[in-house]
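Okay, so here's the structure we're looking at.
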Ligand code: SF4
Ligand code: SF4
């Protein structure tokens, strides 16, 4: 393999495919993020109630309950008896992400994603290459601490400071202007990713991402590298990937070309920036652990430390 270059990712793909195709999945994700937000906003803004509530718990068209299963788990551990609709909503959300891919939530729904993407883009533009190396297992420890805190205190502690909940609630209820805590938390995440640890929040600390990675580890939506023979090792995909450790196994000419790691958010950015169309997003059979093989061992074989 030739030595990796540190050129800015993107121009080669734009030259090869045109600006639109070199940003297609990014545009699709921003559109999806805006659409999810719009579902919640039509009520407060125009009196047309499509979805009432927030990402934590909502009801769509008066019939479809959707509940964040992590919020429900904290609530149960805190000793609260959930309503039936909340349980049904959590089962529906769990089922969808388990079937598809858990971390689709991170790149297609979460309102914090544009903040961390912006920090990563600014890091690249400023040529900031170094940063504090954090253990990827940290987010799983944070997740355990979040659940334990509810159990010990009898209060859903995390939701009082969860950046995802704070930002989404503020966007939906129009309290951004008054939300000093929201801006402080969002600015802290941006600065942390920019100046301390690249992709530090989503990749190493966020317990919501850790939870959805666990939920969707056998999901069917995955990126593959069907044209990996065309790869010239430019490293552009590694530079834009929020979880770059997931890419290498798929590019090796041994084993599967499918990125099975539950850390992959299916953001599609690697597809965008590859000038040779190495990657594609599609449905794939999940890689189930062989009988008698611990699930963690299956993941580790693909270089996935989570
Ligand atoms: S491998 Fe591709 S789709 Fe998966 S997280 Fe990285 S850039 Fe996104
Ligand atoms: S897969 Fe594409 S973007 Fe990634 S290193 Fe190979 S040629 Fe570059």
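Based on this model, can you work out whether residue 151 counts as under 26 Å from residue 266 (Cβ atoms) and surrounded by fewer than 21 Cβ atoms within 10 Å (Cβ to Cβ)?
no
Let's see how each residue does on (1) more than 10 Å from ligand 1 (Cβ to nearest atom); (2) touching a residue at least 24 places away in the same chain (Cβ under 8 Å); (3) at positive phi:
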| site | (1), (2), (3) |
| --- | --- |
| 213 | yes, yes, no |
| 217 | yes, yes, no |
| 231 | yes, yes, no |
| 235 | yes, yes, yes |
| 240 | no, yes, no |
| 245 | no, yes, no |
| 249 | yes, yes, no |
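Are any residues in region 45-93 assigned to a helix (DSSP H, G or I) and modelled with pLDDT under 95, and if so, which ones?
If the condition is that a residue be assigned to a helix (DSSP H, G or I) and modelled with pLDDT under 95, then 45, 46 are the ones that fit.
Mind checking which residues of region 281-291 are surrounded by fewer than 15 Cβ atoms within 10 Å (Cβ to Cβ) and either touching a strand residue (DSSP E or B) at 6+ places or on another chain (Cβ under 7 Å) or in a helix (DSSP H, G or I) (or both)?
Within region 281-291, 282, 283 meet the criteria.
Can you give me the number of residues within region 223-276 that are within 12 Å of ligand 2 (Cβ to nearest atom), part of a helix (DSSP H, G or I) and surrounded by 20 or more Cβ atoms within 10 Å (Cβ to Cβ)?
Selection size over region 223-276: 10.
Identify, by number, the condition in (1) under 28 Å from residue 245 (Cβ atoms); (2) surrounded by fewer than 22 Cβ atoms within 10 Å (Cβ to Cβ) that residue 83 doesn't meet.
(1) is the only condition that residue 83 fails.
Collect the residues in region 277-287 that are in contact with a helix residue (DSSP H, G or I) (Cβ under 8 Å, 6 or more places away or on another chain) and more than 9 Å from ligand 2 (Cβ to nearest atom), keeping them in residue-number order. Let's see the steps before the verdict.
Quick first cut of region 277-287, residues in contact with a helix residue (DSSP H, G or I) (Cβ under 8 Å, 6 or more places away or on another chain) only: 277-281, 287.
Scanning region 277-287 gives 280, 281, 287.
So for region 126-141 (the condition being closer than 24 Å to residue 94 by Cβ, assigned to a loop (DSSP other than H, G, I, E, B) and in contact (Cβ under 8 Å) with a residue 40 or more places away in the chain), does at least one residue qualify?
yes
Filter region 94-117 down to residues that are in contact (Cβ under 8 Å) with a residue 12 or more places away in the chain, in a helix (DSSP H, G or I) and more than 16 Å from residue 31 (Cα to Cα), then give me how many there are.
Selection size over region 94-117: 5.
The values are calculated or read from the model by the stated rules, or taken from the named source; none is laboratory data. The model shown is predicted, which means the values in this text are computed figures rather than measured ones. All Cβ positions, even for glycine, are placed from backbone atoms using ideal geometry, and neighbour counts span all protein chains on display.
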